[in-house]
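Undergrad: Here it is, the structure in full.
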Amino acid sequence: MRIEGTTALVTGANRGLGRHLASQLRDRGAIVYAAARNPETVDLPGVTPIALDVTDPASVAAAAAAASGVAILVNNAGSQTRSSLLTGDLPDIRLEMDTHFFGTLAVARAFAPQLTAHDQSAMLNVLSGLSWISFPQVGAYCAAKSAEWSLTNALRLDLAPEGTRVSALHVGYMDTDMVRHLDVPKANPADIAKLAVDGIEAGDAEIVADETSRQVLDQLSAGVAGLYPLVA
Ligand SMILES: NC(=O)c1ccc[n+]([C@@H]2O[C@H](COP(=O)([O-])OP(=O)(O)OC[C@H]3O[C@@H](n4cnc5c(N)ncnc54)[C@H](OP(=O)(O)O)[C@@H]3O)[C@@H](O)[C@H]2O)c1
């Protein structure tokens with residue numbers, strides 16, 4: 001996938017990984033729409049801010065109408081309510097699904113006609129190592145990321161005949177606001193953004209960006225015994 005001269009849109013591009021993804025795409029010569037709930041918070045020079053709340057169908061439709069020629073769509077926007085599925089507040093649990101699953105779905109549907117209008121196009125969905133493994137204290141987030149993983153696989157099959165390559169980015173902890181409260185080793189989101197854009201360029205279906213995600217992926221085929229030895 002050629003990046004230079006191609007039009008890209010990144011959701012949640014005002015901060016965190018999304019800001020690095022927008023900046024990385026811009027630096028490689030893409031024409032970048034930096035989508036954000038509040039476009040005034042986009043502070044990257046050389047990109048076009050655009051309003052987009054992925055949970056609001058009217059906002060998604062307005063963004064798709066306002067943007068044109070998008071051939072690279074990056075579904076990055078994400079929430080983290082730190083909710084347990086058993087004891088968390090249901091509105092928080094719904095927010096995770098609304099953002100990661102229904103939000104990504106809405107944006108993918110709204111922008112699919114722009115993507116498929118090109119001979120070659122790409123979608124990158126920002127997933128997680130937590131698409132593959134669950135931790136009860138963030139069970140709602142994990143469930144939403146798993147749902148987004150399944151969505152990503154469905155979309156890749158739907159869109160392959162149209163020339164749209166769908167990539168999934170899996171990563172563990174990154175040093176962003178989302179996990180600011182955790183004192184654990186974290187990847188630099190600038191490095192992850194570079195790997196992600198390398199993956200888009202190479203047409204990689206799956207970008208497993210750090211050791212944690214690679215380890216979880218290795219355990220997947222071992223089933224519950226591999227992932228949750230304590231309960232197996
Ligand atoms: N940080 C990690 O350790 C980690 C690990 C694996 C995967 N991820 C994934 O990486 C992606 C980026 O997260 P991050 O780490 O950069 O987190 P972050 O710094 O908290 O940024 C989250 C971004 O998503 C935006 N957003 C949230 N809800 C939105 C909505 N309804 N519509 C549009 N934008 C919305 C936020 O916009 P506002 O500024 O308006 O809130 C912000 O731009 C997410 O998909 C996350 O799940 C993160």
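The values are calculated or read from the model by the stated rules, or taken from the named source; none is laboratory data. Note that this is a predicted model, so its numbers are computed, not measured. Positions of Cβ are backbone-derived with ideal geometry, glycine not excepted, and every protein chain shown enters the neighbour counts.
Undergrad: So, in segment 181-190, exactly how many residues are touching a residue at least 12 places away in the same chain (Cβ under 8 Å) and either within 10 Å of the ligand (Cβ to nearest atom) or in a helix (DSSP H, G or I) (or both)?
TA: Summing the residues that are touching a residue at least 12 places away in the same chain (Cβ under 8 Å) and either within 10 Å of the ligand (Cβ to nearest atom) or in a helix (DSSP H, G or I) (or both) in segment 181-190 gives 4.
Undergrad: Spot the failing condition for S23; the list is (1) farther than 18 Å from E148 by Cα; (2) more than 18 Å from the chain's Cα centre (by Cα), and only one is missed.
TA: Going through the list (1) farther than 18 Å from E148 by Cα; (2) more than 18 Å from the chain's Cα centre (by Cα), S23 breaks only (2).
Quick grid of which residues meet (1) hydroxyl-bearing (S, T, Y); (2) away from the ligand (no atom under 13 Å from the Cβ); (3) buried (at least 16 other Cβ atoms within 10 Å of the Cβ); (4) at pLDDT 95 or above:
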position: A154; (1), (2), (3), (4): no, yes, no, yes
position: D158; (1), (2), (3), (4): no, yes, no, yes
position: R165; (1), (2), (3), (4): no, yes, yes, yes
position: M178; (1), (2), (3), (4): no, no, yes, yes
position: I200; (1), (2), (3), (4): no, yes, yes, yes
position: Q215; (1), (2), (3), (4): no, yes, no, yes
position: L230; (1), (2), (3), (4): no, yes, no, no
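Undergrad: Ok, one more. Please work out if T104 is buried (at least 20 other Cβ atoms within 10 Å of the Cβ), of a type in the set (S, T, Y) and within 11 Å of the ligand (Cβ to nearest atom).
TA: So T104 fits the description; yes.
Undergrad: Please determine, by comparing only the residues of segment 71-95 that are among the β-branched types (V, I, T) and away from the ligand (no atom under 16 Å from the Cβ), which one is farthest from W149 (Cα to Cα).
TA: T87
Undergrad: Would it be correct to say that D98 is surrounded by fewer than 16 Cβ atoms within 10 Å (Cβ to Cβ), within 16 Å of the chain's Cα centre (by Cα) and within 15 Å of the ligand (Cβ to nearest atom)?
TA: no
Undergrad: Provide a single number: the residues in segment 17-49 that are surrounded by fewer than 19 Cβ atoms within 10 Å (Cβ to Cβ) and within 11 Å of the ligand (Cβ to nearest atom).
TA: Residues flagged as surrounded by fewer than 19 Cβ atoms within 10 Å (Cβ to Cβ) and within 11 Å of the ligand (Cβ to nearest atom) within segment 17-49 amount to 5.
Undergrad: Within segment 1-16, take every residue that is within 12 Å of the ligand (Cβ to nearest atom) and either free of Cβ contacts under 8 Å to residues at least 24 places away in the same chain or at positive phi (or both) and give me the one that is surrounded by the fewest Cβ atoms within 10 Å (Cβ to Cβ).
TA: Here the residue is G16.
Undergrad: Go through (1) in contact with a Phe, Trp or Tyr (Cβ under 8 Å, 6 or more places away or on another chain); (2) of a type in the set (G, A, S); (3) over 23 Å from S121 (Cβ atoms) and name the single condition S84 misses.
TA: All conditions pass for S84, except number (1).
Undergrad: Further question: State all residues of segment 202-213 that are surrounded by 15 or more Cβ atoms within 10 Å (Cβ to Cβ) and assigned to a loop (DSSP other than H, G, I, E, B); if no residue qualifies, say none.
TA: If the condition is that a residue be surrounded by 15 or more Cβ atoms within 10 Å (Cβ to Cβ) and assigned to a loop (DSSP other than H, G, I, E, B), then D204, A209, D210 are the ones that fit.
Undergrad: Just to check your reading of the model, which residue among R94, R82 is in contact (Cβ under 8 Å) with a residue 24 or more places away in the chain and among the basic types (K, R)?
TA: Exactly one of R94, R82 is in contact (Cβ under 8 Å) with a residue 24 or more places away in the chain and among the basic types (K, R), namely R82.
Undergrad: Something else about it: Hey, any hits in segment 55-63 for a residue that's surrounded by fewer than 17 Cβ atoms within 10 Å (Cβ to Cβ), more than 21 Å from M1 (Cβ to Cβ) and in contact with a Ser or Thr (Cβ under 9 Å, 6 or more places away or on another chain)?
TA: Within segment 55-63, not a single residue is surrounded by fewer than 17 Cβ atoms within 10 Å (Cβ to Cβ), more than 21 Å from M1 (Cβ to Cβ) and in contact with a Ser or Thr (Cβ under 9 Å, 6 or more places away or on another chain).
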